[in-house]
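Read-outs: derived from the displayed coordinates by stated rules, not from any lab. Bear in mind the structure is a predicted one, so any value in this text is a computation, not a measurement.
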Amino acid sequence: MKDKTVAILEARLGKQLVELVAKRGGRPVHAPALAEVPAIEPAAIRDLVAGLEARPAKLAIFQTGVGTAALFTATDALKSTGKLLAFLENMTVVVRGPKPTAALRSRGVRIDLSAKEPFTTTEVLEALQGAAIRNERVLVQRYGVANIELEEALRARGAEVVEITTYRWGLPADTKPLMDMMDALERGKIDAVAVTNAAQVYNLFALAERLGRSVALRAALNRTLVASIGPVASEALKKFGVAVGLEASPPKLGSFIGALEKALGR
């Protein structure tokens, strides 16, 4: 990565990525493209727990560690965590990846089904192939946006989907770093763009659309090495007509940085 400029769109682990790029001799440009905005309503969580008492769910799907932890923080405040844990004991508990797994295990929750790498909706649905969910309630812990593909697939199998919303993804309050990055991209001053979440792509283009710069952004990205952490981020890039220069396998930071370093060293 020596003397290569790498734009980093990651927010939560942005500092870690900046340090990894700098350690390898690169010049990191940190331009966070999303912010996790709390969207948990205590009344909704209270109703959720009460609803489970009236009509239990057959299955619960946990998609993110942040959202799972936020759910339990809310039930702690409502003094209803014990009830939720008892309900989960009688459900089939499904996890999308290691982060929700860790959050659930910290609460002593048994895990029944786990999606395989690369932890996309495809793998979640594969894990659910043998589950009998027709006419059953299924809890889906939502991540920053609704997982339409997952929810439609569950409804197509006759399930009643109950969504649990704990946070959403929005643009950062300060979008100047993103606008400065767009300027640098258009001037050819960025060697690579690191995309670690599909929502970063949607937010980046939402901002560009607001500024009337979507066409210029797409063209600039297609002149630049765009690195994707995995298939979900890659699919988002393709939706906006952006060519994916590399995709990490497995979709983890270590392999992502390794692949990026190799590509920039060619």
Exercise for the section: Return the sequence-ordered ³J(HN,Hα) values of region 235-249 in whole Hz as given by the Karplus equation 6.51 cos²θ - 1.76 cosθ + 1.60 applied to θ = phi - 60°, using x for Gly and Pro. Expected result: 4, 5, 4, 5, 4, 9, x, 9, 6, 8, x, 7, 10, 5, 8
Problem - DSSP-defined antiparallel bridges as percent of all bridges, the chain, nearest 5 - result: 10 percent
Practice task
Assign one of three labels to region 38-169, namely rounded, prolate or oblate, based on the Cα gyration tensor with a ≥ b ≥ c the square roots of its eigenvalues; rounded applies when a/c is under 1.5, prolate when it is not and a/b is larger than b/c, and oblate otherwise.
Solution key: rounded
Fill in the blank from the handout: Under 5 Å from the placed amide H of residue 114, counting only residues 5+ away or on other chains, we find 95
Practice task
Would you please give the residues with an amide H less than 5 Å from that of residue 4, counting only those at least 5 places away or on a separate chain, with H modeled from the backbone geometry?
Solution key: 27
Exercise for the section: Considering only DSSP beta bridges where both residues belong to region 38-169, give the percentage that are antiparallel (nearest 5). Expected result: 5 percent
Exercise for the section: May I ask you to evaluate 6.51 cos²θ - 1.76 cosθ + 1.60, the Karplus curve with θ = phi - 60°, for each residue of region 199-208 and list the ³J(HN,Hα) values in order in whole Hz, giving x for glycine and proline? Expected result: 4, 4, 5, 4, 5, 4, 6, 5, 5, 4
Exercise for the section: Please work out which option in (i) 1.08; (ii) 0.94; (iii) 1.02 gives Rg/Rh (Cα atoms, Kirkwood Rh) calculated from these coordinates, and answer with its label. Expected result: (iii)
